[in-house]
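Report on one structure; see the data block that follows.
The values are calculated or read from the model by the stated rules, or taken from the named source; none is laboratory data. These numbers come from a predicted model, not from an experiment. As a convention, Cβ positions derive from the backbone with ideal geometry for all residues, glycine included, and neighbour counts pool all protein chains shown. Keep in mind that these areas ignore ligands, DNA and RNA; they rest on the heavy atoms of the full protein, side chains included. Shrake-Rupley method; radii C 1.70, N 1.55, O 1.52, S 1.80 Å.
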Amino acid sequence: MKNIILIICVFAFVKANAQNRQDSTTVYKKRVLESVEVDFLSSYYSQDGDNAAVSGGIGTEELTDVTSAFIVSIPLNDDDVLTIDAGVSAYTSASSSNVNPFDDGPADPYQASSGASSSDLWANLTGSYSHSSNDRNTIWSAKLAVSSEYDYFSLGVGGSYTKLFNEKNTEVSISGNVYIDTWNAIYPSELRPFGKEGFGLNNSFFTQNTITGNLNYSPRFNEFNDEGRNSYSLGFSFSQILHKNVQGSLALDLIQQQGLLSTPFQRVYFSDVEDSFIDNFQLADAIERLPDSRFKVAIGGRLNWYLNEILTIRTFYRYYFDDWGINSHTASIALPIKITGKFTLYPSYRIYTQTAADYFRPHEAALSTDEFYTSDYDLSEYSANQFGFGVSYTDIFAKAHLWKFGLKSIDLKFYQYDRDTSFSSNIITAGFKFAMD
């Protein structure tokens, strides 16, 4: 009897001890995110060129934009993270100001107007939630996004599912997004009198401004009946650690767009229609007209090679095509150079080439008999180069503090972008990451 009691006691002790170890594992498992993190991001962007789509493929493309964003990541428990992303972007544009170039002084496509369209404010708010399994081999997420500007409103939902295998050396992921967008269509000022109840040439706009050239100005213009745009995307990715120093990944993205894909305020000029002018500004023969559907496919891959504690090589390539006739190639390389334990330099280079869309026509190259046409040089044939340089400061111990938050990292980067057309741009970005103590 004593032996039986002894065996029962030993069994109970072993079971209790095992349960304690299991409970201990559950209680002390590593959290997905240890504490609240806050990212503050900002950028200054400027561009210029001579092929503005607003004025039919000619004129200034000058624009400046300042963007700021806060990203707050909140651990809800060991497994779940809530992320809130709020951003604001303000721009001034000599190009878009010429939606109405006749409101202040002589009109000219290479000069800015002072109209309401010369500036705008874009605001975005995105909330996302992610959950990781106990073994951290399964991650799913969901998000909701809303953004708005003067002539555009967008609502989006999305989600992703990620699975890790092979002791986390292999990762596969699928993601999907849906965006429901609505235009508040704004048309070139000289075309508005030809809209509903606009009275055409009898409108006060033409009695207050003198037409030269073709006095019988008669544009091809109808307002859009449907101002909605829906976008659906599906993405697949595969990542594999190939060697202790080499990691590669492949990605496939499919995008379907439907609805109003034309930009309502972008002018087009026909070669078979006599030109009409007010001041030095050519009056639009029509606005951009593009198909109401577009299917895009992008296939890409990355290969990162950790050479040593100082240098890493990061490479990227993507091939893109769509049913509008555009084919493009993108290749880039970045060489992070760790110069100290906390500072890293980021030189980079990117090259891009694309063919023209089937519907692209330079200034005055479209015909009035064409069904679709655009003079937007973003849809033209071109090649571009981008050079970048950045510096990053990282402090994993977050010794520097701002109130209850420790500074984990600072990132400063500059990019110079040039096309083989007249277009060029540059952007300066800054990022600061803080973690709550």
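For segment 320-366, what is the Kirkwood estimate of the hydrodynamic radius, computed as the reciprocal of the mean inverse distance between distinct Cα atoms, to one decimal in Å?
14.0 Å
Label point 7 Å out from Ile428 along Cα-to-Cβ: which residues of segment 370-392 have amide N under 20 Å?
Output list for this probe position: 386-392.
Take the Cα pairs of segment 354-405, get the Kirkwood Rh, then feed it into Stokes-Einstein at 20 °C and 1.002 mPa s and tell me D in µm²/s.
The calculation lands on 135 µm²/s.
Cβ neighbours within 10 Å, averaged per peptide: list 152-159, 259-266 in order, most packed at the top.
On the way: 152-159: 16.0, 259-266: 19.9.
Highest to lowest by the protection proxy: 259-266, 152-159.
When only C-alpha pairs under 8 Å and at least 6 residues apart count, what is the relative contact order of the chain, in percent?
13 percent
Return the lysines within reach of Lys29: Cα separation strictly under 22 angstrom, same-chain partners fewer than 8 residues apart disregarded; answer none if there are no such residues.
Within the straight-line cut-off, Lys29 pairs with Lys15, Lys163, Lys168.
So for the chain, taking the charge dipole from beta-carbon charges (+1 Lys/Arg, -1 Asp/Glu), which of Ser249, Tyr110, Tyr377 sits furthest toward the positive end?
Of the options given, the answer is Ser249.
Could you work out the relative contact order of segment 142-290, using alpha carbon pairs under 8 angstrom and six or more residues apart, expressed as a whole percent?
Answer for segment 142-290 is 23 percent.
In nm, to one decimal, how far is the Glu223 label point from the Tyr110 one, both placed 7 Å along Cα→Cβ?
Spacing of the two 7 Å Cα→Cβ label points: 3.6 nm.
Taking every alpha carbon pair in segment 229-344, what does the distance histogram look like in 5 angstrom bins from 0, in percent?
So the P(r) values, bin by bin, are 2, 9, 12, 12, 11, 10, 10, 9, 8, 6, 5, 3, 2, 0.
Does anything in segment 348-372 have its amide N under 19 Å from the 7 Å Cα→Cβ label point of Asp272, and if so which residues?
359-372
Quick check on packing: order 387-397, 164-174 by the mean number of other C-beta atoms within 10 Å, highest mean leading.
Ranked by mean Cβ neighbours within 10 Å, highest first: 387-397, 164-174.
At 1.4 Å probe size, with the rest of the protein present, what percent of the exposed accessible area of segment 252-365 is carbon and sulfur atoms? Could the numbers behind the result be given before it?
Working: 3130 of 5330 Å².
Of all accessible area on segment 252-365, carbon and sulfur atoms account for 59 percent.
Per q in 0.12, 0.15, 0.23 Å⁻¹, report the Debye log10 I(q)/I(0) for segment 297-411, using one uniform scatterer on each alpha carbon and no solvent.
So the normalised log intensities are -0.66, -0.81, -1.20.
Averaged per residue, what accessible surface does segment 305-384 expose to a 1.4 Å probe, in Å²?
52 Å²
Report the Cα centroid-to-centroid distance between segment 144-200 and segment 204-232 in angstrom, as an integer.
Measuring centre to centre over Cα atoms gives 26 Å.
In whole percent, what relative contact order does segment 216-280 give with Cα contacts below 8 Å and a gap of six or more residues?
With pairs under 8 Å counted, the relative contact order is 32 percent.
With +1 on each Lys and Arg Cβ and -1 on each Asp and Glu Cβ, and nothing else charged, work out how big the dipole of the chain is about its Cα centre, in Debye to the nearest 20.
The calculation lands at about 3340 debye.
Which of Asn77, His329, Ala142 sits farthest toward the positive end of the charge dipole of the chain, with +1 on the Cβ of Lys and Arg and -1 on the Cβ of Asp and Glu?
Asn77
Can you work out D for the chain in µm² s⁻¹ from Stokes-Einstein, where Rh is the Kirkwood radius over C-alpha pairs, the temperature is 10 °C and the viscosity is 1.306 mPa s? Mind dumping the intermediate values first?
On the way: Rh = 25.8 Å.
Answer from the Stokes-Einstein relation: 62 µm²/s.
Once you have the Cα-Cα distance between Asn134 and Asp48, take 0.36 nm times their residue separation minus that, and quote the gain in nm to one decimal.
25.8 nm
If each DSSP helix of 4+ residues adds -39,500 (n - 2.57) and the sum is divided by the residues in the chain, what number results at 222 nm, nearest 500 deg cm²/dmol?
Mean residue ellipticity, 222 nm, calculated: -2500 deg cm²/dmol.
For the Cα atoms of the chain, what angle does the longest principal axis make with the long axis of helix 2-27, in degrees from 0 to 90, nearest 10?
Compared with the principal axis, the helix lies near 20 degrees.
Starting from the amide H of Gly325, placed 1.01 Å from N in the peptide plane, find each other amide H under 5 Å away whose residue is 5 or more places distant or on another chain.
Residues meeting the amide H criterion: Asp358.
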